[in-house]
Amino acid sequence: MGSSSPLAGRRVLLGVTGGIAAYKACVLTRLLTQAGAAVQVVMTPSATRFVGTDTFAALSGRPTYTEVWEEPGSVLHVRLARGADVAVVAPATANVIAKLSGGIADDLLTSTLLEATCPLVVAPAMHSGMWEHPATQANVRALEERGTVVVGPASGPLAAGDEGVGRMAEPEDILAAVEEAASRGRDLAGRRIVVTAGPTWEPIDPVRFVGNRSTGRMGFAVAREAFARGADVTLVVGPGTVQPPEGPRLVEVGTAEEMRMAVLEAADDADAVVMAAAVADFRPREAAPSKLKKEGGPPGLELVPTPDILAELGEVKGDRILVGFAAETEEVEEAGRTKLVAKRLDLLVANEVGREGTGFGSEENHAAILSKAGDDEPLREWTKAELAAAICDRLSKMLSR
Ligand code: C5P
């Protein structure tokens, strides 16, 4: 292991909370130190009922802290937070997950993690009922939406002779998640990235519009990932989406023309533009100034094309990296490649739509990543978070050339 691990020479903060799986955190400490990391352990008081502080001190070669007041003369939680390149909480109880989700800082570990800006991995461990409780599920989702990596839990024997979901992931799997989080690190720091998300609404009259079912989830996943990796992100977002992520600079627009103006302005000094928005292709030629009356009969809607923002950017490409998305029902990769070339894109995510459980509104996409350079990823299932990570990996590589 040693120097081949992305953790070699990195500082890992390991938070241990009160569950029987705390004994497995000893193995994790050993794996982290073997990978070359400097491990700083912080335990909650209840964790010390399961494993002693001296055990972790011996394994990590550093004092284990449990209390905010332990280092007179320094602000311990701030020092620990700034001294971490990556943090991991293993095991993470339902209680600590709830506190992290809500921003509660009532002990050394939660105070440190509230101050920390480094990537965070949590490995939940609890009884099935606690894990499956809607409150825990909502807290886990809230953490994931802020970029926290959640590893596990697995199924298997639990405390008190029970069985089910809630068993902490194996130390080797937690190590792999920490390595990945640390290597992703802040590889997009200093890069300016424009991301678009959601639909556009093209007005028919003051209350009606031509729109589509986009929820914004795909663009939000890209914006969240790029922001977590240190990019300066401008998120141009259409109407009626789910809640956008916190962090990126938000520009709210309504129509394709408004999105065009916002994107062109933000793209001016951008390194990359990721057009995940489902921009309407057509709009009513004219929006009626007042609500059309039902008594007037069905309006004859004359539709005209909207500006193709991405194609326009392709014409004045410069050094900017352009990423497009396409929704296709058949010949997905071929149709995608035609668009990649026509719009002068560097990457195109070709989504197969019209299948059950993929595309708009779902967490999963059936997609291929096509690249100008030819290193394509064939059609397969991805979560939106995985697609976002793969796009950012490629942006990071292309931008560092
Ligand atoms: O050609 P098609 O509409 O399938 O291309 C989809 C890609 O082009 C998406 O990335 C979308 O955001 C972008 N687009 C655009 N302006 C439009 C329509 C689509 O930038 N008017």
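Just one of the numbered conditions (1) modelled with pLDDT under 95; (2) more than 10 Å from the ligand (Cβ to nearest atom); (3) within 26 Å of residue 365 (Cα to Cα) is not true of residue 327: (2).
The residues in region 86-106 that are in a loop (DSSP other than H, G, I, E, B) and surrounded by 21 or more Cβ atoms within 10 Å (Cβ to Cβ) can be counted, and the count is 1.
Apart from one condition, residue 193 fits all of (1) closer than 24 Å to residue 95 by Cβ; (2) touching a helix residue (DSSP H, G or I) at 6+ places or on another chain (Cβ under 7 Å); (3) modelled with pLDDT of 95 or more; the exception is (1).
One residue stands out among those in region 125-181 that are closer than 29 Å to residue 33 by Cα and of a type in the set (Lys, Arg): the one that is modelled with the lowest pLDDT, which is 146. When residue 378 is tested against (1) free of Cβ contacts under 8 Å to residues at least 24 places away in the same chain; (2) more than 14 Å from the ligand (Cβ to nearest atom), exactly one condition is not met: (1). Quick check on region 278-299. Is at least one of its residues more than 14 Å from the ligand (Cβ to nearest atom), within 24 Å of residue 386 (Cα to Cα) and touching a helix residue (DSSP H, G or I) at 6+ places or on another chain (Cβ under 8 Å)? Checking region 278-299: not a single residue is more than 14 Å from the ligand (Cβ to nearest atom), within 24 Å of residue 386 (Cα to Cα) and touching a helix residue (DSSP H, G or I) at 6+ places or on another chain (Cβ under 8 Å). Does residue 213 satisfy the condition of being within 15 Å of the ligand (Cβ to nearest atom), at pLDDT below 95 and not assigned by TED's automatic domain parsing to the domain that holds residue 85? For residue 213, the condition - within 15 Å of the ligand (Cβ to nearest atom), at pLDDT below 95 and not assigned by TED's automatic domain parsing to the domain that holds residue 85 - is met.
Kindly indicate whether residue 308 is of a type in the set (Asp, Glu) and more than 26 Å from the chain's Cα centre (by Cα). Answer is yes for this residue.
When residue 313 is tested against (1) in a helix (DSSP H, G or I); (2) over 20 Å from the mean Cα position of the chain (by Cα); (3) more than 9 Å from the ligand (Cβ to nearest atom), exactly one condition is not met: (3).
Scanning region 278-307 for residues that are in contact with a Phe, Trp or Tyr (Cβ under 8 Å, 6 or more places away or on another chain) and among the aliphatic types (A, V, I, L, M) gives 278, 280, 303, 304. With respect to the conditions (1) surrounded by 13 or more Cβ atoms within 10 Å (Cβ to Cβ); (2) of a type in the set (S, T, N, Q); (3) more than 23 Å from residue 241 (Cα to Cα), residue 400 lacks only one, and its number is (1). Inside region 176-226, residues that are surrounded by fewer than 23 Cβ atoms within 10 Å (Cβ to Cβ) and aromatic (Phe, Trp, Tyr) make up a count of 2. Quickly run through region 362-395 and pick out the residues that are surrounded by fewer than 21 Cβ atoms within 10 Å (Cβ to Cβ) and closer than 16 Å to residue 222 by Cα. Correct list: 362, 363, 364, 383, 385, 386, 389, 390, 393, 394. Of the residues contained in region 234-244, one or more are found to be within 12 Å of the ligand (Cβ to nearest atom), of a type outside the set (D, E, K, R) and at negative phi. Within 16 Å of the ligand (Cβ to nearest atom), in a helix (DSSP H, G or I) and not aliphatic (A, V, I, L, M): is that true of residue 333 in this structure? Yes, satisfied. The set of residues in region 252-307 that are farther than 19 Å from residue 212 by Cα, of a type in the set (Gly, Ala, Ser), at pLDDT 95 or above and not in a helix (DSSP H, G or I) comprises 270, 272, 288, 290. All conditions in (1) in contact (Cβ under 8 Å) with a residue 60 or more places away in the chain; (2) exposed (fewer than 15 other Cβ atoms within 10 Å of the Cβ) hold for residue 334, with the sole exception of (1). Pairs linking a residue in region 251-268 that is in contact (Cβ under 8 Å) with a residue 40 or more places away in the chain to a residue that is part of a loop (DSSP other than H, G, I, E, B) and away from the ligand (no atom under 11 Å from the Cβ), with Cβ atoms under 8 Å and 6 or more positions apart or on different chains, are 253/239; 254/201; 254/239; 255/201; 259/253; 267/320.
The values are calculated or read from the model by the stated rules, or taken from the named source; none is laboratory data. All of these numbers come straight from a predicted model, not from anything done at the bench. Backbone-built Cβ (ideal geometry, glycine too); neighbour counts: all protein chains shown.
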